[in-house]
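Below is one structure, written out as structure tokens; comments come after it.
Just so it is clear, none of the values below were taken in a lab; they were calculated from the coordinates. In this text the structure is predicted, and so the values were computed from the model without any measurement. Methodologically, a virtual Cβ is constructed for each residue, glycine included, from the backbone with ideal geometry; neighbour enumeration extends over all protein chains shown.
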Amino acid sequence: MSDRPAINLEQLAAKLKQSLGIIQKQDIQVVSQILGLQANNQIRVGDDCAAIPDGDGYLLLAAEGMWHVLVKEDPWFAGWCAVMVNVSDIAAMGGRAIAIVDTIWTENTTKAIPLLEGMKAAAQAFNVPVVGGHTNFKSGYNALSVSILGRAQKLISSFAAQPGDLLVAVVDLQGEMHPKFPFWNAATKAAPNRLQENIKILPYLAENNLCNAGKDISMGGIVGTLLMLIEASQCGAILNLDSIIGPDKIAFDIWLLCFPSYGFLLSIHPQHIDIVKRQFAEKSISCNVVGEITLGSELILKSKKQSYIFWNFNTNKFFQL
């Protein structure tokens, strides 16, 4: 907050740009070019899920491959996260999860058990069934990916942020940092009812037209996620670092790159901000304005009286072609 020690914005920006989470997000440029993903104008590329028009709503389809280091070092948590991040992607689009399928490749059955147990625990906690998938327990390596299907009546899209919107960071701070990795875990020890009720807030916002745009905060952290949001919406943004709330005893630069188990960046019209804040406050979830969406093509970081141009999309694309 405002009493945080002075920040050297140039040094902070350099560190953020070199983070693995932000670098990896840019790999989608190669995939999009080879597969011609932009050719399908009906289904935009850049949202947290593929939103497929279906009747009076949308089917939502997403997938996540788990970080190989996490699979090796903490396989139960990797299994849990495989479900959790997919459920979060569906919620970030204003949807409700329907079912999950997984693809698991391990060297033997023993290596598969903690991955499967983690998935099972999360599927039960979020009340989203695992309905099938693909299994190979005689692989030369250990890997896990999970796909999810959901449905939304109305979308929270990455493409609909509007200049003048308030930028809102939503994070469940009732958790703890993973002992080895920059993951803020507010999920594995939470009551299932709390997890399920918290997820329902996002489709409520979508169905009541209270949120113009948004994304879940992913491996790129707050800054990387904001870059993806404003690039898709062809806007700029001002991010006020002094307004970002994080847990006590977590270094600020680490928090900016952290992957929270429940975290979203939302683009909210000012007239809706009070009701949006109230929805999250009722669940004891941190929700505060951290900036604004602007005209232009720049992401500007601000702290106290300083400002720094972190990214300019006119000269450097981020994850889109």
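Go ahead and run the numbers for FRET between VAL101 and ALA281, Cβ-Cβ distance against an R0 of 22 Å, rounding to 0.05.
Working from the Cβ atoms, E equals 0.05.
I need the phi-derived Karplus couplings for region 207-215: 6.51 cos²θ - 1.76 cosθ + 1.60, θ = phi - 60°, integer Hz, Gly and Pro marked x.
Along region 207-215, the couplings run 5, 10, 6, 9, 9, 6, 7, x, 8 Hz.
Quick check: residue separation of ILE113 and ASN136 times 0.36 nm, minus the Cα distance between them. What number comes out in nm?
Residue separation times 0.36 nm, minus the Cα-Cα distance, leaves 7.0 nm.
Measure up LYS15/LYS277; LYS111/LYS138; LYS200/LYS249; LYS120/LYS277; LYS249/LYS305 against 21 Å on the Cα-Cα distance and list the ones that go over.
From the list (LYS15/LYS277; LYS111/LYS138; LYS200/LYS249; LYS120/LYS277; LYS249/LYS305), the Cα-Cα distance tops 21 Å for LYS15/LYS277; LYS200/LYS249; LYS120/LYS277; LYS249/LYS305.
With contacts defined as alpha carbon pairs under 8 Å and 6 or more residues apart, what's the relative contact order of region 49-152 in percent?
Computed over region 49-152, the figure is 41 percent.
What percent antiparallel are the DSSP beta bridges of the chain, to the nearest 5?
80
Pull up all non-local amide H partners of TRP311: gap of 5 or more, or a different chain, and H-to-H distance under 5 Å with H placed in the peptide plane.
LEU299
Which whole-Hz couplings ³J(HN,Hα) result when phi for each residue of region 180-190 is put into the Karplus expression 6.51 cos²θ - 1.76 cosθ + 1.60, θ = phi - 60°, listed in order with x for Gly and Pro?
With the stated coefficients, region 180-190 comes to 10, 10, x, 10, 8, 9, 10, 10, 5, 9, 7 Hz.
Given a cut-off of under 8 Å on Cα pairs at least six residues apart, what relative contact order in percent is computed for the chain?
Relative contact order comes out at 23 percent.
For GLY291, which sequence-distant residues (separation of 5 or more, or a different chain) have an amide H within less than 5 Å of its own amide H, given hydrogens modelled in the peptide plane?
Residues meeting the criterion, in which the H sits 1.01 Å from N, are LEU167, ASN240.
For the residue pair ASP56 and ASN312, what label-to-label distance in nm results when each label sits 7 Å from Cα along the Cα-to-beta-carbon direction?
4.9
Could you let me know the centre-to-centre spacing of region 93-156 and region 268-304, using Cα atoms, in angstrom?
Their Cα centres are 32 Å away from one another.
What FRET efficiency, computed as 1/(1 + (r/R0)^6) with R0 = 45 Å and r the Cβ-Cβ distance, is obtained for TYR204 and GLU73, rounded to the nearest 0.05?
After rounding to 0.05, the efficiency reads 0.80.
Mind putting a number on the dipole of the chain about its Cα centre? Charges go on the C-beta only, +1 for Lys and Arg and -1 for Asp and Glu, and I need it in Debye to the nearest 20.
240
Tell me which residues come under 5 Å, amide H to amide H, from PHE137 once H is placed; ignore anything under 5 positions away on its chain.
Here THR106 satisfy the definition.
Positive end of the charge dipole of region 94-154 (Lys, Arg +1 and Asp, Glu -1 on Cβ, about the Cα centre): tell me which of PHE126, ASN108, SER139 has its Cα farthest that way.
PHE126
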